[in-house]
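For reference, the structure discussed in these notes is given below.
The values are calculated or read from the model by the stated rules, or taken from the named source; none is laboratory data. A quick note: this is a predicted structure, and the numbers were derived from the prediction, not measured. Virtual Cβ from ideal backbone geometry, glycine too; neighbours counted across all protein chains shown.
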Amino acid sequence: MVLYWFELKKLLASAAVWGFLAACLLFNMIVVIVQGHDDYADVVGAVSKETGVVLDDAFHERLLRAASGGGLSAHQLERLQHETRGVTDVFDGYETRTIAERYVAAAGITGWFAEAMRDKYAALQKAVDAKAKRDESLTLYFAGSTHARHQFLFDTLTGWLITEGALVAVLLVLLSAGYETIHRTGHVVYATKTGREVLRPKLAAALTAGIGAYFVLAFATFLVHLGLSEYGSVWNSSVSSLFNYRIDFVAGLRPFVTWHSFSVLTYGLAMIGAGAALVLCFSLIAFGIGLFVRNGYLAFLVFLIANATAVVLPIQIPHAAEAVLAAKYAAMLLPVWLWLKHGIWFTDGDIDIIWPHFETVGLCVSLAAAAASRLLAARHFRKRNLS
Amino acid sequence: MRLVFHEMKKIWNPGAILVTALVCTLFYWLFMSYFIDFPQGHPRIEEVASSIELLERYGNTLEEHEYEAFVEETRQTLIAEMERHIDSLPVFADAGIFSYEDYERVRGKNVQTEAERAAVWTLLGSETGFVRFRMQALERIVNAHDGYLRYTLMHQLSQASRQRDIDRLNAVMETQEYRNIMDWNVYENTVDYTFCLAVMSVLAVLVLVSPLVVNDRIRNVHLLQYASKHGRNVLMTQLSAVLLSAFVLATVLLLVFGAIYGTNGTWVFRNSGLTSFLNMIVFYGDITYGQYILIYVAMIYVLCLGTAALAFVLARFSRNLIALILNLLPAFAALVALCLFVFMHPFSMTNVLYRATGIPGIEPAACVLLLVVGLTASFWLVRREKGIDMA
């Protein structure tokens, strides 16, 4: 435990790490201020405190009272009344089968892959039916500003947070793994069997610092965003509100369907949690690389090149053979692909995804594989010739 | 000079070359390869083809009588070709289509039968040589030509707030500079590719030249060097090596990725003025596509040298290689933002820097400013090093 604290102290003593975190925060502030502002969404948030978020008769009565009460922009309240009047449940009679068929036709897949795609959407149909029963779509979210605010919050802002968190965590891990090389103390520290055991507290300290940095960035960024925006009771609204939607080239415009029932609050927490798990995956991979490549600069570039290759190969290689296609679908579970698809976590995914709950499966598989490879790397390091 | 080459040998070590080449290759596959297979999709293919046909037939500008003759002749040819297909293919008779007019009527219907849909798509398909798409490309030329003075320029005039811009737009109208033949698809494709190439150049320079100073300091080589006759001038030698390496790298990147881009055939527009009725954007100077490329090349050199100088400064303030990366990442983000401001529609009235400042030539000036700031900081560091206490 003492070693753990010493290792943590070493990492936190680096001025460059704090400087980088400050730069990330500054960037996030700019993003929040420039992109995050939406007057109408703030009005909806403010109104939701009085009206609640369930679009029933009581909602319309309260909305009328709020409109007659004054204080809020009449034009925007009128717009809200117009948008919420006479709405129907988008999940009533909604069929997911057509999405599956469009994806199968567009991807040109047959056999097992086509069946897997159809099975995924058959499973999604059950989630849709459950949502229809609960009238999940008949919730307010941010009404006409829902799509823009949802994209900003869970695609743009969360995306930047995960990217920054992953970068700082990876660099902390590489700093920790290469610390003895940088300060030329490796030959002393690693001269004994006990000395080489220091890797364990090193990894623990680096992971703590990395995940901690991610949470600090997330907390500070959301604090500023929430300070500048009005959410009211919108936190209790379902993310599968009728006002939320997705667009892709193949399936077109469709409702935002999640496998589970998520409110805005629980979806946000789930996104931040999954983001932390992804940061952990990247950190474990980087630690393995850091043990083999002792030059920290080169290790970081190897990490980047490995991830970029994992993105390029599934895109560039023609999917003629079934084995290549299987490799492509498996590659979608890699951390870098999960990072690229963070905006559709907890949904059915897109044309590249044939499994339900791809982010959960991907994170579990990646964490298990990264942890196993880290153990092997550490085992190898115990007997490695460091001369 | 001998010492500079020795320092360059440290920069250009096989590992660094391999990593830089891999980074560039992956960057190319991820972001740039899309722009080589150009043009892609319909009607973009037909639009570019018709612009090239105009260029080949009439030179760099399209006069009024040439435009009228081209449109009349091409329209007649395309209609005759479509009529031939309509007469010969049964799919049209099945849909009750017996002439080009019938076809257009059916195409404009909100609800079509299965037979009508099949007939409509036949003239848009490979079986008929995408003839309806060729007609669409011709219609685009007509719309662009007829609407340029009435809508495009008028809209820009109504939006312009600076007298300089108003004068320029009036000059474009009076001199009929808009008669240049410059295809919008080609220009946009080139802008996107050149922006990506600028970002790649910045990335490659940062990756290649940054570790030199830090590596020496980690190994305390600088203390050994400072004891020699050349002494503390070695930092100046390293700065020279860094700048020279950036210059060489920029040359290599421009040659390789310029040659790759040259294969897509857009160079035929080299003598065409960028302000054109086929291009949506008005430029604040009378500049051709070829001149734009030449200025771009010069800007890339300046950008790479400025980046190298900045990397040298950041490296000097980094105690180890991880700290170096932590310093380089925000610098890279800032340089990408600079590239976005400079290389997206440069020399045009829609460029962000020009819109903000109203200064013609602000884009190359921004690159030069980066170089001046980088070099000033580097020389200050070199001078400071001479008096620093090493104890």
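Evaluated against (1) on the phi < 0 side of the Ramachandran plot; (2) in contact (Cβ under 8 Å) with a residue 60 or more places away in the chain, A:G52 falls short on exactly one condition, (1). Scanning region A:1-60 for residues that are touching an Asp or Glu at 6+ places or on another chain (Cβ under 8 Å) and not hydrophobic (A, V, I, L, M, F, W, C) yields A:N28, A:D42, A:G45.
Given the residues B:V248, B:V202, which is the only one that is among the hydrophobic types (A, V, I, L, M, F, W, C), modelled with pLDDT of 95 or more, surrounded by fewer than 23 Cβ atoms within 10 Å (Cβ to Cβ) and in the same structural domain as B:M32 (by TED's automatic domain parsing)? Let's see the steps before the verdict.
Numbers: B:V202 fails: surrounded by fewer than 23 Cβ atoms within 10 Å (Cβ to Cβ).
The unique qualifying residue is B:V248.
Scanning region B:264-290 for residues that are polar (S, T, N, Q) and part of a helix (DSSP H, G or I) returns a single hit, B:T266.
Looking at B:A95, B:A69, just one residue is farther than 30 Å from B:G262 by Cα, of a type outside the set (V, I, T) and crowded, with 19+ Cβ neighbours inside 10 Å, and that residue is B:A95. If you go through region B:5-17 one residue at a time, do you hit one that is over 23 Å from B:N264 (Cβ atoms), surrounded by 18 or more Cβ atoms within 10 Å (Cβ to Cβ) and within 14 Å of another protein chain (Cβ to nearest Cβ)? Yes, that holds for at least one residue.
The single residue among B:S88, B:S33, B:S51 that is hydroxyl-bearing (S, T, Y), closer than 20 Å to B:R134 by Cα and surrounded by 13 or more Cβ atoms within 10 Å (Cβ to Cβ) turns out to be B:S51. All but one of (1) closer than 30 Å to A:F20 by Cα; (2) in contact (Cβ under 8 Å) with a residue 40 or more places away in the chain; (3) not polar (S, T, N, Q) hold for B:F269; which doesn't? For B:F269, the failing item is (1). Can you tell me which residue is farthest from the other protein chains (Cβ to nearest Cβ) among those in region A:274-319 that are more than 22 Å from A:V361 (Cβ to Cβ) and outside any helix (DSSP H, G or I)? So, considering only residues that are more than 22 Å from A:V361 (Cβ to Cβ) and outside any helix (DSSP H, G or I), the one farthest from the other protein chains (Cβ to nearest Cβ) is A:P318. Region B:93-180 holds helices (runs of 4 or more DSSP H) entirely within its bounds, and those carrying 2 or more residues that are more than 23 Å from B:I79 (Cα to Cα) map to B:154-159, B:163-175. Of all residues in region A:53-111, those satisfying the criterion of being acidic (D, E) and outside any helix (DSSP H, G or I) are A:D56, A:D89, A:D92, A:E95.
Here is a yes/no grid of residues against (1) in contact with a Ser or Thr (Cβ under 8 Å, 6 or more places away or on another chain); (2) at pLDDT 90 or above; (3) within 14 Å of chain B (Cβ to nearest Cβ):
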position: A:F6; (1), (2), (3): no, no, no
position: A:K9; (1), (2), (3): no, yes, no
position: A:L26; (1), (2), (3): no, yes, yes
position: A:I33; (1), (2), (3): no, yes, no
position: A:G36; (1), (2), (3): yes, no, no
position: A:S48; (1), (2), (3): yes, yes, no
position: A:V53; (1), (2), (3): yes, yes, no
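Evaluation of B:V336 against the conditions (1) under 24 Å from the mean Cα position of the chain (by Cα); (2) away from chain A (no Cβ under 14 Å) shows that the sole unmet condition is (2).
Listed by first and then second residue, the pairs with beta-carbon distance under 7 Å, at least 6 apart or on different chains, first residue in region A:13-28 and within 18 Å of A:L157 (Cα to Cα) and without any contact (Cβ under 8 Å) to a residue 24 or more places away in the chain, second acidic (D, E) and exposed (fewer than 14 other Cβ atoms within 10 Å of the Cβ), form an empty list. Of the listed requirements (1) assigned by TED's automatic domain parsing to the domain that holds B:T61; (2) in contact with a Pro (Cβ under 9 Å, 6 or more places away or on another chain), B:R164 misses just one: (1). Inspect all residues belonging to region A:301-324 and state whether any of them is in contact with a helix residue (DSSP H, G or I) (Cβ under 6 Å, 6 or more places away or on another chain), farther than 28 Å from B:I17 by Cα and modelled with pLDDT under 95. Yes, because at least one residue in region A:301-324 is in contact with a helix residue (DSSP H, G or I) (Cβ under 6 Å, 6 or more places away or on another chain), farther than 28 Å from B:I17 by Cα and modelled with pLDDT under 95. Annotation: of all residues in region B:297-322 being touching a residue at least 24 places away in the same chain (Cβ under 8 Å), assigned to a helix (DSSP H, G or I) and within 13 Å of chain A (Cβ to nearest Cβ), the one that is surrounded by the most Cβ atoms within 10 Å (Cβ to Cβ) is B:A311.
For (1) under 26 Å from A:A169 (Cβ atoms); (2) free of Cβ contacts under 8 Å to residues at least 12 places away in the same chain, each residue gets a yes or a no:
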site	(1), (2)
A:L304	yes, yes
A:P314	yes, no
A:P318	no, yes
A:V324	no, yes
A:K328	no, no
A:F346	yes, no
A:I354	no, no
A:L363	yes, no
A:F381	yes, no
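The residue of region B:177-195 that is farthest from B:A337 (Cα to Cα), among those that are surrounded by fewer than 20 Cβ atoms within 10 Å (Cβ to Cβ) and touching a residue at least 60 places away in the same chain (Cβ under 8 Å), is B:E177. The requirement of being under 30 Å from A:L172 (Cβ atoms) and surrounded by 11 or more Cβ atoms within 10 Å (Cβ to Cβ) is fulfilled nowhere in region A:46-63; no residue meets it. Meeting the requirement of 1 or more residues that are touching a His at 6+ places or on another chain (Cβ under 6 Å), the helices (runs of 4 or more DSSP H) wholly within region A:112-229 are A:158-182.
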